Amino acid sequence: MSTTASLPSTPSFLGRAMKQKRFVFGFTVTLLVIAFAVLAPLVAPYGEEETAGPPYSKGGLFGTDYLGQDVLSRLMHGGQGVLLISVLATLLGMVLGILIGVVAAYAGGWWDEVLMRLNDVLLAFPQILLALVVLTALQNPAAWVIIVLVGVSHAPRVARVSRGVALGIVSRDFVVAAEALGEKRSRVIVAEVLPNMIGPLLAEAGLRLTYSIGVVAALGFLGFAADPGAANWGQMMNENRLGLQTQPWAVLAPVLMIAIFTIATNLMADGLAQLSQRGD
Amino acid sequence: MTAPTRDVPQTTTPAGGLVVEDLGVTLTGRPVDVVDDIDLVLRPGEVVGLVGESGSGKTTVGTSLLAYSRAGALISSGKVLLEGRDVLQLPWKEVRQLRGEEIAYVPQDPASALNPSIRIGKQLVELHQLRGVGTAESRLQAARDGLAEVGLPNDDEFLRRYAHQLSGGQVQRVALAMAFLPKPKVLVLDEPTTGLDVTTQKMVLDTMAQLCRSHGVCALYVTHDLAVVANIADRVAVMYAGQIAELGPKDAVFANPSHPYTRALLDSIPHLSQARALKGIPGRTPAPGARPDGCRFSDRCTYVVDACKQQVPPLISVAPDHEARCIRVGEIGMWDINRGTVPDADPNRKRDVILSVEGLNVFYGRKQIVHDVTFDLAKGEVVALVGESGSGKTTISRSVGGLHKEWTGAVRFEGRELARSARSRSAEDRRRIQYIFQNPYLSLNPRLTIEQIIRRPMELFGIAKGKQATDRVLQLMEQVALGSGMLHYQASRLSGGERQRVAIARALAAEPDVMVCDEITSALDVSVQGSIVALLEGLRKERGISMLFVTHNLALVRSISARVEILQAGRVVEAGSVVTVMDTPREEYTRKLLSDSPRVG
Amino acid sequence: MTQVATLPDPLAEVAPPRGRSGGAAWAAWLARRLGLAVLTLWLVSVLVFLATAALGDPVRAILGRDYDTNVGRREQLEAQLGVGDSIVTRYVDWLGGLVTGDFGTSLANQQPVWQQVSDTVVNTLVLVLLAAAVMIPLAFGIAMISAHFRRRRPDTVIQTILLALAGVPEFVTGILLVALFSTSVFNIFPAVTIASPTARPWDTPEGMVLPVATLVVAVTPYVSRIVRATLLEVLDSDYVELARLKGIPEPVVMRKHALLNAIVPGIQVIALQLAWLAGGVVLVETLFSYPGVGRQLVDSVRNHDVPMVQALSMIIAGVYIVVNLVADVLSILLTPRARTAISS
Ligand code: SF4
């Protein structure tokens, strides 16, 4: 530890992030995909469930799908659902997980033990399995059911990470100092602990978003989407799988969109993770 | 081990030693000097102390002797001559051969420098095994002899241990044994006793000195601790901001320090024999790339004149073999080691007790750490809790401060018994007793600004708010010698000393009557420690604040406190006024602590 | 300065681990670990049961529109699921069955669950183990190459590729592989594992290539990145620095000092990924019509076949718990500090 180890200036976390190539690239592509999902439906040549020609024909940029709907138009319409569900599920998972993790780390002792044991139980389910098990007894799941399922399956993983990060912070003397001054426990968490977790938590959120998209698309791919008729990148792969030989674009177009998006969010997450490791 | 085979001539011309000429290390990628213009001679059998504060580049010089530089830096110029060969020019293979065999290195933190998953015995013989020296038996025997030499057990059981199964002193001695095993000619020791208790430190130092003498090895001892150097070195090199500021025989440097920096450094260290008014050095050590032109010390020097900033001063000879890098070397007068001496605290002063601890027993889980400790603290008085690691000194202070709640006994504040944990004490009690932590890098929230940190206790205890609070913050910052420009800095931008000042200001913001100071200077450089101690002394005098001062440094106790409690294994072994305890110790343990503490002058 | 060096160390000597009490301590520790694993498994069973039997109405889900018209079938299903009983009774019955090896009867074809599951479990195990056998050396190899070029060009390139691959969902990788190797571009491998009811998937080895490749591509980047990070961390450690300063040749430093300490995190991440594979097979098997538990699970979920889903999820969760247990024990055995902490 050196007494001269102070930087001439410490710009904000995001300010530093903007100087990192990996983050900037991931972030830009993520924004582009989101913009595509939000704006494209406005300019799509055909409607979401509109027939454009015979099935698996070559008309249009990507041809038509198994029902003769225009693949490009379906692709443009199919992003919103996937992205919205993924983002909301990520948010839910982060909030739940941070809550569990930080409370466990801060309370310590029995609380920690019990919360983390229960957490281990949830961790024993691979993410997709948790969703599938619940879907067994349901007929057509509503969108919110999928959000809750994916969100809940994130929570134990986020909880583990945030507990780990929080443990390194709650033992630091500035938290003890706040305790000794008699600060309220909620304030200690909000004002002392959480602000120091921002970096790692942002990185975790990026990672979780990547996985959300994977799981949500996978559910669609397995045929468990909320609305069977609607365009949805995951579901589009499922619908057109049998035509992979004749009209590969009906499958490959949504596959590539998901690949691009997950690569981008993952690069972004990793950029953030690197930053939060390096910075203070 | 046998006696040295070579007859070592003790002359100024080095016959077997090491010569460093014009060594320079720069950062990779940027033309910025980490250290430059280093000239140093290590004569056979001699220990040279390389002293400097953090940021001085002392460790960089140390590893350069092995042609090694940490990632991000590279050796850019100069020579390191060992028996006529330039180590820096040798082909890579020979350098590797030379490392360990001719120049050995003893690391700063041996606990992390020994491989955690290889047994001690294996690590000791590793080098010989790789080089194919001797037979398996002879190697093992050599390892056993080496361990015996450093006073460690050498049976099979010990050889089978892993590093984590040894105590700090043992680990350090294993590292010493490992360094001596190939019978090197030169030894580089990088702060090898940091973090060790004085008794252990003394043992390691004695072992090292003895081995150096008996093997005719010359050693470079890199450290921040002047007192250690005063005890073991033959010659001393004082480093500042990447250059050697002063170089000379130990006695000459301590009796007649000729560089203003050396003098300032000596002014800031406490003595065991007498209380002193400690002084710090204002400002901070400039980082590589931010060093002033001309004399590197010019921005902090009390003797500075315009000419100092013109060019880097050369090393100027003061006496034979004694040089200082200061253009005013002859003009700044003589110096006296007893400068700054003040009368010891009066043992017969009337005491008005404000805080008393009675029959304190502290537990961690089922384990009892502190046994039946009783002492008290008077208004405007400093009581020191002194002990080695594991003595329970910090545990006691945490219990008093309400940070640890597993204890029995009584802590009375103005006669009232205090609740065990801070949370169950009244807001008023929490306000009046403030705790300051050892490590200022951990005790301030790096996300908050200085203003937010200091004003929080005011808001919490309803002392001030709004504009008034900001004004008070500024006042406090002035009092702890922090510029008002730092008001909106985040804590992560400050140096260690500055952070500790902020921590003190935060404690003062609550307008306390008692401050519990837990080793608050041990993470800081000595010059910074000096200024913090001066600050505390001022607060005690002006505000009549009482302090419980936890430390392992007996010399510091002499300068800062009126009474002292000597702790060992959770019990008070001796207590009383500082003068009585330190001048006429009754207990064997106290005497040993005093005799093992390194002393200056 | 005199002969102080031979004085005994003032600090308490750390008690060396002794064989006598060591054995008992190990047994106690292992028992505790096993107990925890069983406890977790039990809680998993509660969760599985609640999720499948209490959250929705499986009978209604199976019959769909027929729920109101086909009263006979409805009553038969309800009887089979024991809908009339309290949830606790049903759970206890089910758990009793699990413990005694009776997994119940499939709703879809009225066959005993165990009979249908036994083959697919083996098929899946073969798939996962094959993937692991390819993945582990591959991941370590890439990590070592990458660490060797640390922060130089090849390292950056490798890391960027791995990072990109790590984010892509496994079924996306699978589809891309299919598109590449079994359709238009190269038509080398079959897109599906053809399985007659009697044949085993490995009877047609070329059909296993793509499923295994997909799993490997899905898992390797993760493992490799973590192993590289660990290696670099170890290479930057003080003990590696000292080993270099002691003059030990670089290959030996790598082999003996670095790799030894990087192995434990390696084991941890492999275990994590093996456990992940237990879930990853769900999609990959479905994609390639591989006759394993994953595809069976998806089919059963589609059919709302509650007993099958319960049994399959218990198996997958059980594998996860066992793999983690083994990894924990191995890590402890390979970490001297942890090992001696237990036996003393
Ligand atoms: S050269 Fe000048 S500034 Fe430097 S130490 Fe000497 S007097 Fe001070």
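As a test of the definition: with a 1.4 Å probe, what buried accessible area, both sides summed, do you compute for B against C, in Å² to the nearest 100?
3700
For every helix of n ≥ 4 consecutive DSSP H residues, a contribution of -39,500 (n - 2.57) applies; sum these over chain C, divide by its total residues, and give [θ] at 222 nm rounded to the nearest 500 deg cm²/dmol.
-23500 deg cm²/dmol
What residues of segment B:91-111 lose no less than 40 Å² of accessible area with every protein chain in place versus their chain by itself (probe 1.4 Å, heavy atoms only)?
Residues passing the criterion (a loss of at least 40 Å², heavy atoms only) are B:R96, B:R99, B:Y105.
For segment B:186-313, what log10 I(q)/I(0) values come out of the Debye formula at q = 0.10, 0.19, 0.20 1/Å, with one point per alpha carbon and no solvent?
-0.39, -1.19, -1.26
Show me the GluC sites (Glu not before Pro) within segment B:48-119 that DSSP assigns to loop and that have at most 16 other Cβ atoms within 10 Å of their Cβ.
Of the GluC sites (Glu not before Pro), the ones in loops of segment B:48-119 whose Cβ has at most 16 other Cβ atoms within 10 Å are B:E83.
For the protein assembly as shown, what does the accessible surface come to per residue with a 1.4 Å probe? Please give it in Å².
40
Output the Kirkwood hydrodynamic radius of segment B:403-497, Cα pairs only, in Å rounded to one decimal.
Details: mean 1/r = 0.0653 Å⁻¹.
Answer for segment B:403-497: a Kirkwood hydrodynamic radius of 15.3 Å.
Taking H as built 1.01 Å from N, whose amide H comes closer than 5 Å to the amide H of B:E574, not counting residues under 5 places away?
Excluding prolines and chain starts, which carry no amide H, the hits are B:I566.
Ignoring ligands and nucleic acids, what accessible area does C:W202 show with a 1.4 Å probe (Å², nearest 10)?
Using a 1.4 Å probe on the heavy atoms, I get roughly 100 Å².
Give me the distance between the Cα centres of segment B:535-549 and segment C:91-137, rounded to whole Å.
73
Looking at segment A:96-201, which trypsin sites (Lys or Arg not before Pro) are in a loop (DSSP not H, G, I, E or B) and have at most 14 other Cβ atoms within 10 Å?
The qualifying sites are A:K184.
What FRET efficiency comes out for the pair B:S138/B:Q97, r = Cβ-Cβ distance, R0 = 30 Å, nearest 0.05?
0.90
By how many degrees, 0 to 90 and rounded to 10, does the Cα axis of helix C:153-167 deviate from the longest principal axis of chain C?
30
What residues qualify as long-range amide H neighbours of C:Y290, i.e. H under 5 Å apart, gap of 5 or more or another chain, H built at 1.01 Å from N?
Hits under the 5 Å cutoff: C:T193.
Could you order A:W111, A:W233 so the one with the most accessible surface comes first? Probe is 1.4 Å.
Reading off the accessible areas and sorting them downward yields A:W111, A:W233.
By how many nm would the segment from B:S273 to B:A307 lengthen if fully extended, with 0.36 nm per residue of separation less the alpha-carbon distance? It would help to have the intermediate numbers written out before the result.
Working: separation 34, 0.36 × 34 = 12.24 nm, distance 3.90 nm.
Taking B:S273 through B:A307 to full extension adds about 8.3 nm, to one decimal.
What accessible area, summed over both chains, is buried at the A-B interface (1.4 Å probe, Å², nearest 100)?
Chain pair A/B: roughly 2800 Å² of buried accessible area.
Please list, ordered by chain and number, the residues whose modelled amide H lies under 5 Å from the amide H of B:L50; skip anything fewer than 5 residues away on the same chain.
Amide H neighbours of B:L50, under 5 Å, 5+ apart: B:Y221, B:V222, B:T223, B:A237.
Given Cα positions, please report Rg to Rh for segment C:23-99, the hydrodynamic radius being the Kirkwood one.
1.24
Sort B:S56, B:S389 by accessible area with a 1.4 Å probe, largest first.
B:S389, B:S56
Bin by bin, in steps of 10 Å, what percent of the Cα pairs in chain A do you find, going until the bin that has the longest distance?
Bin by bin from 0 Å, the calculated values are 7, 24, 28, 21, 12, 6, 2, 0.
Fully extended, how many nm does the chain gain between B:K183 and B:A569 (0.36 nm per residue separation, minus their Cα-Cα distance)?
Taking 0.36 nm per residue and subtracting the Cα distance, the gain is 135.1 nm.
Averaged over peptide A:263-271, how many Cβ atoms belonging to another chain are found within 10 Å of each residue's Cβ?
Whole-number average of other-chain Cβ neighbours for A:263-271 is 4.
For the pairing of chain A with chain C, what total accessible surface becomes buried, with a 1.4 angstrom probe, in square angstrom to the nearest 100?
4000
For segment A:259-276, in order, what is each residue's ³J(HN,Hα) by Karplus, 6.51 cos²θ - 1.76 cosθ + 1.60 with θ = phi - 60°, in whole Hz (x at glycine and Pro)?
Those phi angles translate into 4, 4, 5, 5, 4, 5, 5, 5, 4, 4, 4, 5, x, 5, 4, 4, 4, 6 Hz.
Would you mind giving the three semi-axes, in whole Å and largest first, of the ellipsoid equivalent to the protein assembly as shown according to its Cα gyration tensor?
The three semi-axes for the protein assembly as shown are 63, 36, 31 Å.
Can you list which of the GluC sites (Glu not before Pro) found in segment A:12-107 are DSSP loop residues with at most 12 other C-beta atoms within 10 Å?
none
Tell me, what is the FRET efficiency for B:A290 and C:I267 to the nearest 0.05, using R0 = 45 angstrom and their Cβ-Cβ distance as r? Could you put the intermediate results ahead of the total?
Values: r = 46 Å, r/R0 = 1.02.
For R0 = 45 Å, the calculated efficiency reads 0.45.
Heavy atoms only, probe 1.4 angstrom, no DNA, RNA or ligands counted: give me A:T51, C:T89 ranked by accessible area, highest first.
Result, largest first: A:T51, C:T89.
Find the Cα radius of gyration of segment B:18-251, compare it with 2.2 N^0.38 Å by division, and give the number to two decimals.
0.99
Report, as an integer, the average count of C-beta atoms from other chains found within 10 Å of each Cβ along C:309-315.
3
Based solely on its DSSP helices, what 222 nm [θ] is calculated for chain B when runs of n ≥ 4 H residues each add -39,500 (n - 2.57) and the sum is averaged over all residues, nearest 500 deg cm²/dmol?
Numbers: 21 runs with 201 residues, N = 601.
Helix-only estimate at 222 nm: -9500 deg cm²/dmol.
Need the per-residue list for segment B:66-85: every residue with at least 40 Å² less accessible surface in the complex of protein chains than in the chain by itself, probe 1.4 Å, sorted by number.
Going by heavy-atom accessible area, the residues of segment B:66-85 that drop by at least 40 Å² are B:Y68.
Rounded to the nearest 0.05, what FRET efficiency do C:Q76 and A:A142 have when you use their Cβ-Cβ distance and R0 = 30 Å?
0.55
Over the protein assembly as shown, with every protein chain in place, what whole percent of the accessible area is carbon and sulfur at 1.4 Å, could you tell me?
Values: 29240 of 49380 Å².
C and S fraction of accessible area: 59 percent.
Within segment C:313-344, find all residues whose amide N lies under 14 Å from a label point positioned 7 Å from the Cα of C:A24 along Cα-to-beta-carbon.
Backbone N within reach: C:343-344.
For B:E191, what accessible area in Å² do you get when you roll a 1.4 Å probe over the heavy atoms of the protein chains, rounding to the nearest 10?
Roughly 20 Å² of B:E191 is accessible to a 1.4 Å probe.
The values are calculated or read from the model by the stated rules, or taken from the named source; none is laboratory data. Since this is a predicted model, take the numbers as computed values, not measurements. All Cβ positions, even for glycine, are placed from backbone atoms using ideal geometry, and neighbour counts span all protein chains on display. Just the protein is used for accessible areas: all its heavy atoms, side chains included, with ligands, DNA and RNA removed. Shrake-Rupley method; radii C 1.70, N 1.55, O 1.52, S 1.80 Å.
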